[in-house]
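The values are calculated or read from the model by the stated rules, or taken from the named source; none is laboratory data. Being a predicted model, the structure only gives us computed values, none of them experimental. Please note: Cβ atoms are built from the backbone with ideal geometry, for glycine as well, and neighbour counts cover all protein chains shown.
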Ligand code: SIN
């Protein structure tokens, strides 16, 4: 089924001579967990350049709280982890990718421990396992309570920066990919000292997601979907962009929205509305531990019904000994003016994760030769229409491992001098206007008229990376006339079997629905 043309990137083609040049074996773009881990795995196989547009330690991964899911308990099994992942994905997970994810999880956790990640242990010296929404078993490993992402990044970074095979450029952003027909040979990078064309046998996009485009988000401002725009402009296939996950419990005061980890609800925290009613049991049998999309919509509905701009997260029902691992999180809340031991925590939903992205195979390869993607920028198919909590750091590791192996095995190909198509970025006022528009018209609840208005509004903006990513989200949301997982249409509020497929976009081709297995 075709749904009209895929969005057309609007780009400029500066002269090749404008840039200096550099050559490495491998180029990694982005410094979240996927980027750090892939660079480390490649470092023994050749010279690696990692570029990151801010500092090495600024990423969604470093901000990740909950943890990493793995079937480690005697009562658990990878197949059960797989069942929970598939159920959350609402019929759109790629089965083969889910199987790899859950089977490989225990080995990747063991590897992180060898690299020095200080996961929280119980008095018996065994890993403490937490619970999150949609998981029917305790299987979330965590560090410093809810500071898992930071602990993982902090443990891996010294291995990376001390490795003689790795060069890091901070403050350096990829502005276009060097493509020659169907092959990628590196990227044009805007660094502190100007433009450099970095040539590499394999280029790995690990730029993270696009939640930072939304005005209210748990993501850092750097999470603007750059890798999705770069890959799409270079001819790679992109899919599932309409599926955006909103986290139900982000602190209601301040920006970016500080996350109140789902692990708190895993230990018994409850959501109450401003009328003093506990509402989640009315929405789902799993109550506060229902899947994230269900909880986020319920929170929005309660805010609308009561006219309040937040609901309350209450800790009264959490056993005292279960609270102690969250001490660092509570200190961060006190620094923001709320003592969670003395008062309920005001929370509201915020954009959190992009289930779609650059389509890759099981080895992280995109449809462009020499171009790989892993982490949130990639669409491996493991999340389907809705990601299960704590499967995202896991995805970085499992598919990063495979992508590094495949990239290391690439044969160099001779290529012509490639002129990159360069996508500009928006200024601050346009970016803020785009964020407001996305939240209003392509947020938790969407409608045909709002999405059409969003599409026209984005088309009227100056060309940009951010606008291209936003148009892929909006176009997918406009076309998919049903509700599934992270995509809810008030005018088509139920799942429909005719939409059981992935909306695939490729420049110059019609947007169409595909089935994956
Ligand atoms: C959380 O801690 O609630 C977020 C974890 C995740 O998004 O996987």
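Considering the range 460-474, and only residues there that are touching a residue at least 12 places away in the same chain (Cβ under 8 Å) and part of a loop (DSSP other than H, G, I, E, B), the residue that is surrounded by the fewest Cβ atoms within 10 Å (Cβ to Cβ) turns out to be 462. Among the residues making up the range 400-415, those that are touching a strand residue (DSSP E or B) at 6+ places or on another chain (Cβ under 7 Å) and crowded, with 24+ Cβ neighbours inside 10 Å are 403, 407.
Identify the residue in the range 439-459 that is in contact with a helix residue (DSSP H, G or I) (Cβ under 6 Å, 6 or more places away or on another chain) and touching a residue at least 40 places away in the same chain (Cβ under 8 Å) and, among all such residues, is surrounded by the most Cβ atoms within 10 Å (Cβ to Cβ). The residue in question is 442. If we keep just the residues of the range 475-517 that are out of contact with any strand residue (DSSP E or B) (no Cβ under 8 Å at 6 or more places or on another chain), free of Cβ contacts under 8 Å to residues at least 24 places away in the same chain and assigned to a loop (DSSP other than H, G, I, E, B), which is nearest to residue 236 (Cα to Cα)? Per the stated criteria, the residue is 496.
Across the range 49-70, the number of residues qualifying as surrounded by 20 or more Cβ atoms within 10 Å (Cβ to Cβ) and within 16 Å of the ligand (Cβ to nearest atom) comes to 11. I'd like to verify a number: residues in the range 72-83 that are within 16 Å of the ligand (Cβ to nearest atom) and either surrounded by fewer than 24 Cβ atoms within 10 Å (Cβ to Cβ) or part of a loop (DSSP other than H, G, I, E, B) (or both), how many? Here the count works out to 0. So how many residues does the range 14-52 have that are in a loop (DSSP other than H, G, I, E, B) and either at pLDDT 95 or above or out of contact with any strand residue (DSSP E or B) (no Cβ under 9 Å at 6 or more places or on another chain) (or both)? Within the range 14-52, residues that are in a loop (DSSP other than H, G, I, E, B) and either at pLDDT 95 or above or out of contact with any strand residue (DSSP E or B) (no Cβ under 9 Å at 6 or more places or on another chain) (or both) number 11. Looking for something under 30 Å from residue 514 (Cβ atoms) and either buried (at least 20 other Cβ atoms within 10 Å of the Cβ) or within 16 Å of the ligand (Cβ to nearest atom) (or both) - is there at least one such residue anywhere in the range 13-24? Checking the range 13-24: not a single residue is under 30 Å from residue 514 (Cβ atoms) and either buried (at least 20 other Cβ atoms within 10 Å of the Cβ) or within 16 Å of the ligand (Cβ to nearest atom) (or both). Scanning the range 181-202 for residues that are in a strand (DSSP E or B) and crowded, with 24+ Cβ neighbours inside 10 Å gives 184, 185, 186, 187, 188, 189, 198, 202. Residues that are surrounded by 24 or more Cβ atoms within 10 Å (Cβ to Cβ), part of a strand (DSSP E or B) and near the ligand (Cβ under 8 Å from one of its atoms) within the range 246-266 comprise 247, 249, listed in sequence order.
Taking residues in the range 108-135 that are without any contact (Cβ under 8 Å) to a residue 40 or more places away in the chain and over 18 Å from residue 74 (Cβ atoms), and partners anywhere that are within 16 Å of the ligand (Cβ to nearest atom) and assigned to a loop (DSSP other than H, G, I, E, B), the pairs with Cβ atoms closer than 8 Å and at least 6 places apart or on different chains are 113/119; 117/143; 118/143; 118/144. Please determine whether any residue of the range 386-409 is in a loop (DSSP other than H, G, I, E, B), within 15 Å of the ligand (Cβ to nearest atom) and farther than 24 Å from residue 137 by Cβ. So far as the range 386-409 goes, no, none of its residues is in a loop (DSSP other than H, G, I, E, B), within 15 Å of the ligand (Cβ to nearest atom) and farther than 24 Å from residue 137 by Cβ. Filtering the range 369-383 to residues that are part of a loop (DSSP other than H, G, I, E, B) and touching a helix residue (DSSP H, G or I) at 6+ places or on another chain (Cβ under 7 Å) leaves 374, 375, 376, 377, 380, 381, 382. Considering 295, 382, 347, 299, which residue is within 16 Å of residue 89 (Cα to Cα), over 17 Å from the mean Cα position of the chain (by Cα) and within 16 Å of the ligand (Cβ to nearest atom)? When all the criteria are applied, what remains is 295.
Checked against (1) surrounded by fewer than 24 Cβ atoms within 10 Å (Cβ to Cβ); (2) within 13 Å of the chain's Cα centre (by Cα), residue 365 meets all criteria but (2).
Please go through the range 141-180 and give me each residue that is part of a strand (DSSP E or B), away from the ligand (no atom under 15 Å from the Cβ) and touching a strand residue (DSSP E or B) at 6+ places or on another chain (Cβ under 8 Å), ordered by number. Hits for the range 141-180 are 166, 167, 168, 169, 170, 173, 174, 175, 176, 177, 178, 179.
Scanning the range 213-245 for residues that are in contact with a strand residue (DSSP E or B) (Cβ under 9 Å, 6 or more places away or on another chain) and surrounded by fewer than 24 Cβ atoms within 10 Å (Cβ to Cβ) yields 215, 216, 222, 233, 235, 237. Here residue 232 fulfils each of the conditions (1) within 26 Å of residue 423 (Cβ to Cβ); (2) within 12 Å of the ligand (Cβ to nearest atom) apart from (2).
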